[in-house]
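Report on the structure given below.
Coordinate-derived values only; no laboratory data. Nothing here was measured: the structure is a model prediction, and the numbers come from that model. Note that we place each Cβ from the backbone using ideal geometry, even for glycine, and neighbour counts take in every protein chain shown.
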Amino acid sequence: MSAPNLVDRVRERLVGAGGEISPAVVAAAVRAEAGGVVSDRDVLAALRVLQQELTGAGPLEPLLRDERTTDVLVTAPDAVWVDQGHGLVRTGLTFPDEAAVRRLAQRLALSAGRRLDDASPYVDARLPGSGVRLHAVLAPIAADGTCLSLRTLRPAAHDLVALHRLGMIDDVGLQLLETIVDGRLAFLVAGGTSSGKTTLLSALVGRVPHHERVVCVEDAEELRPSHPHVVRLVARPPNIEGAGEVVLRDLVRQALRMRPDRLVVGEVRGAEVCDLLAALNTGHEGGAGTVHANSAREVPARLEALAALGGMSPTTLRSQLAAAVQVVLHVVRAERGIRRLHGVAVLDRWNGELGAVPVWEFGGGWGVGRTRLDGLLRERGVTPSW
């Protein structure tokens, strides 16, 4: 019996046995199926293949353990890509065939308590205990074969001084951010995927005075601000039977009953925007969140679309947003993977419309919104330091 045949027999044994698959269980199954009729070399080869395939993230595990890694993408058995801060680079890792990629995707989904098969051909879940978000699509929905996307959700723990030292914030940007937090202005951090929104938000929450209570609501556990009084609530997806889901909107409502001085939503991505704006309009100053948007100008339109999911009309959204949120911070991922605070804007209304007025831009200096921001700060007893 060759090593490939031994691998197939062990797979069948493990599937039939059910239960948790650990390295010890794999090793025991290999010994049982080998039965002394294959060489020690073949047994070791089979064990290496199976441990990679059946435990952890398989051959992708070394990439995910690398602290530089933000994303690992598999688009074909011989096409594994990694982003380690400088854009996507194709690696030399390969899978034996399409079936191996499919098996890994299904096993990871199962470990997250989710179903992934022909009846439910895509999944979005967080892997337990690993800080990794999984997204997978099976063929034939993925026309060229199973697509697997893994994003590492490393806790954002830098403070503003550290971000200034790393080059994400310049001197003027640092002054602006510190004053915005001190003035209890509500703000949204806007930017694209992997632009540093959560990193900046976590640093800003760490700036909140330590006698204030901060309640953070997140879809995935990423915020780890350096602050002594933070309560973190994390959403939960449904289990494999489709029960037990806890959504962000429910958590925002619960957070309001926890006596927050500052309410923070890790990412506004759905109907919870309605509850967040309602909260910020009822005495909860200095709240914050992040939102996917390509520029500060696009934030009102983006929030209109999200509010529609909660049944809020565009007119109502504009009124609520204008009263609840004062500042938009725009971050970008520049060349060579550098993340940077690109601009600060204030939200203002004119002729019934709501727009973002530039206060300051990296490399461009001050904008017409500076006067508006100065006025907002002075209303709260804070003298701008610029």
**Item:** Alpha carbon centroid spacing (whole Å) that separates segment 336-360 from segment 196-253
**Value:** 24
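Report the charge-dipole magnitude of segment 291-386 in Debye, nearest 20, computed about the Cα centre from +1 at each Lys and Arg Cβ and -1 at each Asp and Glu Cβ. Provide the component values of the computation, followed by the final result.
Details: 12 positive and 8 negative charges, 50 e Å.
It comes to approximately 240 debye.
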**Item:** Antiparallel DSSP beta bridges within the chain, as percent of all bridges there, nearest 5
**Value:** 65
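Given only helices, namely DSSP H runs of n ≥ 4 each adding -39500 (n - 2.57), what is the per-residue ellipticity at 222 nm of the chain, to the nearest 500 deg cm²/dmol? All intermediate terms of the calculation are to be shown ahead of the outcome.
Details: 13 runs with 140 residues, N = 386.
Counting only the DSSP helices, I get -11000 deg cm²/dmol.
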**Message:** How high is the relative contact order of the chain? Use alpha-carbon pairs under 8 Å, at least six apart in sequence, and give a whole percent.
**Reply:** 12
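Taking 51 Å as R0, compute the FRET efficiency from the Cβ-Cβ separation of Ala305 and Val25 and round it to 0.05. Before the final figure, lay out each step's value.
On the way: r = 48 Å, r/R0 = 0.93.
Efficiency computed from Cβ-Cβ geometry: 0.60.
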**Fill in**
Residue separation between Ala99 and Ala162 times 0.36 nm, minus their alpha-carbon distance, gives in nm 18.2 nm
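About its Cα centre, what dipole magnitude does segment 153-246 give when the only charges are +1 on Lys and Arg Cβ and -1 on Asp and Glu Cβ, stated in debye to the nearest 20? Kindly include the intermediate steps, with their values, before the conclusion.
On the way: 9 positive and 12 negative charges, 27 e Å.
For this selection, approximately 120 debye.
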**Request:** Would you mind computing, in nm to one decimal, how far apart the modelled labels at Thr193 and Ala278 are, each placed 7 Å from Cα along Cα→Cβ?
**Result:** 3.2
**Prompt:** Rounded to a whole number, what is D in µm²/s for segment 165-291 from Stokes-Einstein with the Kirkwood radius over alpha-carbon pairs (4 °C, 1.567 mPa s)?
**Reply:** 86
**Asked** Among Ala255, Cys147, Ser194, which residue has its Cα positioned farthest towards the positive end of the charge dipole of the chain, with +1 placed on the Cβ of Lys and Arg, -1 on the Cβ of Asp and Glu, and the dipole taken about the Cα centre?
**Response** Ala255
**Item:** Cα-projected label distance for Asn239 with Arg213, points at 7 Å along beta-carbon direction, nm
**Value:** 3.1
**Prompt:** Quick one: what Rg and Dmax do you get for the chain from the alpha carbons, in Å?
**Reply:** 24.5, 84
**Request:** Estimate the FRET efficiency between Arg349 and Arg378 by the formula 1/(1 + (r/R0)^6), using the beta-carbon distance for r and 30 Å for R0, to the nearest 0.05.
**Result:** 0.95
**Prompt:** How many percent of all Cα-Cα pairs in segment 58-153 sit more than 23 Å apart?
**Reply:** 18
**Dipole axis of the chain (+1 Lys, Arg; -1 Asp, Glu on Cβ), positive-most option in Pro96, Leu110, Gly283** = Gly283
**Given charges at beta-carbon only (K, R positive; D, E negative), |dipole| of the chain in Debye** = 600
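Please express the shape of segment 160-379 as an equivalent ellipsoid: the semi-axes are the square roots of 5 times the eigenvalues of the C-alpha gyration tensor, given largest first in whole angstrom.
25, 21, 17
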**Prompt:** So how far apart, in nm, are the two label points at Ala334 and Asp78 if each is 7 Å from Cα heading toward Cβ?
**Reply:** 4.0
